[in-house]
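J.: What follows is a structure written as structure tokens; I'll ask about it next.
The values are calculated or read from the model by the stated rules, or taken from the named source; none is laboratory data. Bear in mind the structure is a predicted one, so any value in this text is a computation, not a measurement. Every residue, glycine as well, gets a Cβ built from its backbone with ideal geometry; the counts of neighbours run over all protein chains shown.
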Amino acid sequence: MERDWKRLGAALKAAREARDLHQGTVGEMIGVKRGTMRNIENGEIARVTPTIRAYAHAVGWADDSVDAVLAGGEPVIASDAARQRDAAAAESIAAAPEELPLRIQNALREGPLIDTAVINLPGDDDGPEGQMVVIVKGRERATPEQLKRALLRWEAMEAKLRSAEGDSGTGKD
């Protein structure tokens with residue numbers, strides 16, 4: 001089946017605009033220049049790269065949405081259920097702080113919870129070598145807009161971390 005790169009670019013642009021994000025803002029979040037953003041949105045790409053996946057993640061798409069759009073389907077918005085599951089994991093960690101270093105205990109008490117993730121550490125044929133648990137907290141007294149920006153920056157960073165996972169899975173439980 002032929003992949004529709006122009007359709008993907010248009011869908012990413014529409015998702016960016018729907019989130020009221022400027023091209024330069026998303027480019028900064030995912031670490032690319034405006035020209036690269038323009039090329040992506042015009043469909044002037046030939047393969048799915050970590051940058052494309054980071055862009056998709058920055059506009060709120062689930063991990064498999066890029067492939068779905070390329071195949072003629074629709075993007076899927078990242079699941080709120082997965083975020084709730086990750087938040088429950090963070091709460092369980094916070095409930096047992098005596099097992100964590102003091103600086104982590106203090107960080108868990110400060111600021112609003114933005115997101116959590118479980119990311120597999122690269123391994124071999126037997127699977128991942130371990131897991132990394134990430135808890136993303138916002139600044140104390142952050143405005144909703146500041147929290148939104150922090151979430152978008154985290155989503156771009158998470159995409160980069162997950163691209164390092166390789167083919168070991170999504171890393172989400």
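J.: Residues in the stretch 49-104 that are touching a strand residue (DSSP E or B) at 6+ places or on another chain (Cβ under 7 Å) and at pLDDT 90 or above: how many?
T.: Residues flagged as touching a strand residue (DSSP E or B) at 6+ places or on another chain (Cβ under 7 Å) and at pLDDT 90 or above within the stretch 49-104 amount to 1.
J.: Here's another thing I want to ask about it. Sort out which residues of the stretch 122-140 are in a strand (DSSP E or B) and in contact (Cβ under 8 Å) with a residue 40 or more places away in the chain, and write them in order of number.
T.: Listed by number, the residues that qualify are 127, 131, 133, 135.
J.: I would also like to ask the following. For the stretch 25-43, what are the residues that are under 18 Å from the mean Cα position of the chain (by Cα) and either of a type in the set (D, E, K, R) or surrounded by fewer than 15 Cβ atoms within 10 Å (Cβ to Cβ) (or both)?
T.: Scanning the stretch 25-43 gives 28, 31.
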